[in-house]
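Visitor: My questions all concern the structure below.
The values are calculated or read from the model by the stated rules, or taken from the named source; none is laboratory data. Since the model is a prediction, treat every value here as computed from it, not as a measurement. We place every Cβ from the backbone using ideal geometry, glycine too, and count neighbours over all the protein chains shown.
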Amino acid sequence: MTARAARPVLSAAVPEDMPALAHILGDWVRSTGWMPVLHSREDDRAFIARLIAGNCVLVARSEAGGAPLGFIAVRLCDIVALHVADGHRGRGLGKALLDAAKAREPRLVLWTFQANSAAIAFYLREGFVEIERTDGAGNEEGLPDVRMIWRCKA
């Protein structure tokens, strides 16, 4: 069983977090064998800057003021992104970020790639259900994906 880290400190992302968050995202894309690399590191930074400017982005840190270890971006109940840095996965950071989003929203919806079996398993454990599968024609990567939803039971 993977060791759990101390409870992370969650805070709103600030523009200064952009380089670290872009690095987390870009590293995941580049280390995932089935994921096509369609964007440069500069594109990753521009994407994250737009996320921070136009969404609710929460960052997980090991301590207040520490380096970002993961993030979640939510816009109008849609999870736009949820990524945890390599070496910090499996320690509860993704769950903490998702729990914070659940506390703010009565329902959450997201897309993930069908090939991302770890993400699908994580979301199923966290109470999401699958509502749709596609052949990937509607996403930039051209990869089959799955839409999932979570609803508050209260």
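Visitor: Does A73 satisfy the criteria of being hydrophobic (A, V, I, L, M, F, W, C), part of a strand (DSSP E or B) and either buried (at least 18 other Cβ atoms within 10 Å of the Cβ) or at pLDDT below 95 (or both)? Before you say what the answer is, go through the steps one by one.
Guide: Details: hydrophobic (A, V, I, L, M, F, W, C): yes; part of a strand (DSSP E or B): yes; either buried (at least 18 other Cβ atoms within 10 Å of the Cβ) or at pLDDT below 95 (or both): yes.
Yes: the conditions hold for A73.
Visitor: What number of residues within segment 25-60 are assigned to a strand (DSSP E or B) and at pLDDT 95 or above?
Guide: Applying the first criterion (assigned to a strand (DSSP E or B)) to segment 25-60 yields 56-60.
Narrowing the set further to residues that are at pLDDT 95 or above leaves 57-60.
Residues flagged as assigned to a strand (DSSP E or B) and at pLDDT 95 or above within segment 25-60 amount to 4.
Visitor: Quick one: in segment 1-24, of everything that is in contact with a strand residue (DSSP E or B) (Cβ under 8 Å, 6 or more places away or on another chain) and farther than 18 Å from R75 by Cα, which residue is modelled with the lowest pLDDT?
Guide: P8
Visitor: Hey, any hits in segment 56-66 for a residue that's more than 18 Å from L98 (Cα to Cα) and either surrounded by 10 or more Cβ atoms within 10 Å (Cβ to Cβ) or in contact with a Lys or Arg (Cβ under 7 Å, 6 or more places away or on another chain) (or both)?
Guide: Yes.
Visitor: Would you mind finding the one in G87, G92 that is out of contact with any helix residue (DSSP H, G or I) (no Cβ under 7 Å at 6 or more places or on another chain), closer than 21 Å to Y123 by Cα and either of a type in the set (V, I, T) or in contact (Cβ under 8 Å) with a residue 60 or more places away in the chain (or both)?
Guide: After applying the criteria, what remains is G92.
Visitor: Could you run through segment 83-96 and say how many residues are surrounded by fewer than 18 Cβ atoms within 10 Å (Cβ to Cβ) and of a type in the set (G, A, S)?
Guide: Residues meeting the conditions: 2.
Visitor: Which pairs have Cβ atoms under 6 Å, sit 6 or more apart or on different chains, and link a residue in segment 127-152 that is of a type in the set (K, R) to one that is part of a strand (DSSP E or B)?
Guide: Within 6 Å, the pairs are R133/V146; R147/W111; R147/I131; R147/E132; R151/R107.
Visitor: Residues of segment 97-129 being in contact with a strand residue (DSSP E or B) (Cβ under 8 Å, 6 or more places away or on another chain), surrounded by 14 or more Cβ atoms within 10 Å (Cβ to Cβ) and either modelled with pLDDT under 95 or not in a helix (DSSP H, G or I) (or both), which ones?
Guide: Within segment 97-129, E105, L108, V109, L110, W111, T112, F113, Q114, E126, G127, F128 meet the criteria.
Visitor: Give the residues of segment 1-24 that are out of contact with any Asp or Glu (no Cβ under 6 Å at 6 or more places or on another chain) and part of a helix (DSSP H, G or I), sorted by residue number.
Guide: Selection gives P15, E16, D17, M18, P19, A20, L21, H23, I24.
Visitor: Mind counting the residues in segment 69-88 that are in contact with a strand residue (DSSP E or B) (Cβ under 9 Å, 6 or more places away or on another chain) and more than 20 Å from M18 (Cα to Cα)?
Guide: Within segment 69-88, residues that are in contact with a strand residue (DSSP E or B) (Cβ under 9 Å, 6 or more places away or on another chain) and more than 20 Å from M18 (Cα to Cα) number 2.
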